[in-house]
Structure formats: structure tokens, C-alpha cells
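The values are calculated or read from the model by the stated rules, or taken from the named source; none is laboratory data. In this text the structure is predicted, and so the values were computed from the model without any measurement. Here the Cβ positions follow ideal geometry from the backbone for every residue, glycine too, while neighbour counts run over all protein chains shown. When the accessible area is computed, the model is the full protein with side chains, heavy atoms only, and any ligands, DNA or RNA have been set aside. Shrake-Rupley method; radii C 1.70, N 1.55, O 1.52, S 1.80 Å.
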Amino acid sequence: MNNAYLNGQFLPLAEAKVPALDRGFVFGDGVYELVPVYSKKPFRLDDHLRRLQSSLDAIRLANPHAGDVWRELILRLVAQEEAADQSVYIQVTRGVAPRDHAFPEGAAPTVFLFTPPLVTATVEQKAAGVCAVTAVDYRWQRCDIKAISLLANILLRQQAIDAGCAETVMLRDGFLSEGAASNIFVVKDGVLRAPPPSHLMLTGITYDVVLELAQAHGVPHEVRAVTEAEVRTADELWMTSSTREIMAIVALDGAPVGGGVPGPLAQRMDALYQTFKREVMRA
Ligand code: PMP
């Protein structure tokens with residue numbers, strides 16, 4: 001929690017400082033990743049590093065490190081941290097330069113990592129589920145980039161918080177996109193449905209794992225555009241992310257989802273996910 005890495009140096013988090021003209025600070029010009037770590041093992045690290053690469057490619061920033069260097073940095077930070085379960089936050093910005101929208105020439109990217117605590121849901125929270133609200137997805141057209149400029153996501157998430165809920169389910173042109181900081185799944189008549197990866201959503205690592213588990217365990221599933229009507233008449237609604245894992249949404253805009261309690265498929269998928277995690281940790 002208190003350890004960090006900044007531009008070649010391991011140091012206490014409190015001492016990790018960047019100049020005010022870092023483009024991450026003045027423009028939000030950078031990308032990030034959050035890797036959950038269970039029993040000291042980063043979960044699906046290759047997938048996270050692949051997604052980091054595609055975010056960097058999308059913002060036309062050269063990856064400052066090869067995969068083995070990233071792995072070494074991450075494992076060193078994980079080793080320094082006492083907690084067995086934790087997370088690793090990785091951020092790369094376009095570096096420090098005079099304030100100008102144009103890409104700076106010759107600026108070195110800023111590389112920052114630290115290990116925030118991993119706060120997953122308790123058994124009680126999972127049993128209760130959470131409520132969510134809907135909002136128009138007014139973000140830009142490149143939601144597939146894991147950009148640090150999260151202002152829209154922050155404002156949209158706050159709408160849920162202000163309503164005493166956990167997440168904002170976003171709808172764009174009558175279709176489900178994703179949550180403010182999660183992917184959203186719908187269950188109807190035993191069939192799991194998820195919107196297909198596109199530039200209008202971030203493809204979550206958890207999203208991929210859920211679909212892999214559905215495939216491996218014969219859970220009927222469809223990856224296709226999901227309408228607002230399907231969201232509103234769902235038997236089950238889930239939010240998924242590295243920290244929330246699979247969390248049932250039991251009320252949407254004040255109306256119960258299905259029976260108003262976590263549904264059977266959410267419970268089954270959560271059990272599959274927990275087993276899968278344990279297998280990965282043992283491997
Ligand atoms: N969409 C958005 C907008 C997110 O912020 C997140 C969480 N980072 C996700 C989806 C889920 O991604 P993951 O499963 O990799 O945590």
C-alpha cells in the first residue's frame with residue numbers, strides 16, 4: 001500500500017512526486033491498468049499487459065517497457081507488500097513538457113506504479129447485491145482505451161453514489177454500453193447476454209473471464225447488442241470488474257431486478273469465478 005515505483009526508482013508512495021507539467025496532470029494524457037493480486041500472484045497479468053499495450057497503441061505512445069520488464073517491476077512491488085491479496089495500479093503518461101496539445105518531442109513517458117489494497121466484496125455484500133441507476137452514456141467514442149482522463153466516468157459514477165447505489169448503468173442510443181467502472185451482463189430466461197467489445201466500452205478482463213467460464217461450463221450465453229428494454233426487463237443484472245468481481249444488481253432506478261435478490265446464475269458464476277481464481281493461484 002505504501003510502496004511505489006516512479007520512473008526507474010522504487011520508493012515510498014508518499015515520496016512519489018511528479019512535476020506539475022506532467023501531461024497526466026494537465027491533460028489527463030495517459031493510460032492505466034489495475035491488476036488484482038491474489039496470494040501474491042497477479043491475476044491474468046498477460047491480459048492486463050496486452051490491454052495496456054493496446055491502450056498505448058491507441059494513444060500513440062510507445063510502450064516504455066518490454067513485457068518481461070513490466071513483469072519484473074510488478075512482481076518486485078508485490079513482493080514488497082505485506083498483504084497477500086492486493087492490487088497493482090500502473091499508469092503511463094506522455095511525460096513532462098511545456099503545456100501544448102501537440103505531442104511533445106523527446107519527452108520521456110512517466111511510469112508510475114503502486115499497490116493499493118484490494119477491496120473485494122464481502123460474503124454479506126454479495127448476498128445482498130447492490131442497486132444501480134441508469135444514465136445516458138455521454139462519454140466519447142473511444143471508451144475502449146483505458147485512459148486516465150476519467151472525468152465522465154467519475155460524474156456518472158457519482159450519480160449512483162448520490163442515489164445511495166453502487167453503479168451507473170450506461171445506455172447509448174437505446175443500447176447497453178457498460179457501467180461507469182464495470183461491465184454489465186444481463187440474464188433472461190437462463191441466457192447470459194453481454195454487449196460485444198467495441199470502441200464504446202472497455203473490454204474488462206473480468207468480462208473475458210466470465211464469458212470463458214460460461215463457455216467452459218455450458219452456460220447459455222450470447223454476445224450481442226443489448227437493448228435498454230432488455231436491461232429493464234432482465235431476470236438478473238450483474239456488474240463485473242477486477243475489484244467487484246461478479247456483483248448482482250438487485251434494483252435499477254428504484255425498481256427490483258427479477259426477484260430483487262441476487263439470482264441463481266449470478267451465484268453460480270461467482271462460485272465458478274472463485275474456483276477459477278483458486279486454480280490459477282495454485283498453478
Ligand atoms: N469498464 C470500465 C469503464 C472500467 O473502468 C472497468 C474497471 N476498470 C471495467 C469496465 C472492468 O474491467 P476489469 O474487469 O478489467 O476490471
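Across q = 0.14, 0.15, 0.16 Å⁻¹, the chain modelled as identical point scatterers on its alpha-carbon atoms has Debye log10 I(q)/I(0) values of -1.05, -1.19, -1.31, in the order of the q list.
Test of the criteria: in segment 94-174, which GluC sites (Glu not before Pro) are in a DSSP loop and have at most 10 other Cβ atoms within 10 angstrom of their Cβ? Here the sparse-neighbourhood loop sites are E105. If you take the Cα centroid of segment 60-77 and the Cα centroid of segment 233-252, the two points sit 32 Å apart. Remark on the chain: C143 stand apart, with no other cysteine beta carbon under 4.7 Å. Taken over segment 1-63, the percentage of Cα pairs per 5 Å bin, counting from 0 up to the bin with the maximum distance, is 4, 14, 16, 22, 25, 14, 4, 0.
If you place +1 on the Cβ of every Lys and Arg, -1 on the Cβ of every Asp and Glu, and leave all else neutral, what size is the dipole of the chain about its Cα centre, to the nearest 20 Debye? Mind showing how you got there, number by number?
Values: 27 positive and 33 negative charges, 71 e Å.
The calculation lands at about 340 debye.
Per-residue surface analysis assigns F276 an accessible area of about 40 Å², computed on protein heavy atoms at 1.4 Å probe radius. Mean separation of Cα pairs under 8 Å and 6 or more residues apart, divided by the residue count, gives the chain a relative contact order of 18 percent. State the Cα centre-to-centre distance between segment 31-47 and segment 135-182 in whole Å. Measuring centre to centre over Cα atoms gives 23 Å.
Straight-line cross-link reach from K40 at under 20 Å between alpha-carbon atoms covers these lysines, not counting any fewer than eight positions away in the same chain: K277. Packing-based ranking of 204-210, 148-154 yields 204-210, 148-154, ordered from highest to lowest mean Cβ neighbour count within 10 Å.
The 3J(HN,Hα) values that the Karplus relation (6.51, -1.76, 1.60; θ = phi - 60°) gives for segment 42-55 are, in residue order, x, 8, 6, 4, 4, 5, 5, 5, 5, 5, 4, 4, 6, 5 Hz. Gly and Pro appear as x.
Computed per residue of the chain from DSSP H runs no shorter than four, each worth -39500 (n - 2.57), the mean residue ellipticity at 222 nm is -9500 deg cm²/dmol.
Altogether, the Stokes-Einstein calculation at 4 °C and 1.567 mPa s, with the Kirkwood radius of segment 3-114 over Cα pairs as Rh, returns a diffusion coefficient of 89 µm²/s.
All distinct Cα pairs of segment 123-282 go into the 1/r average, and the inverse of that average, the Kirkwood radius, is 15.6 Å.
How high is the relative contact order of segment 123-282? Use alpha-carbon pairs under 8 Å, at least six apart in sequence, and give a whole percent.
Details: 300 pairs, mean separation 40.7, N = 160.
This gives 25 percent for segment 123-282.
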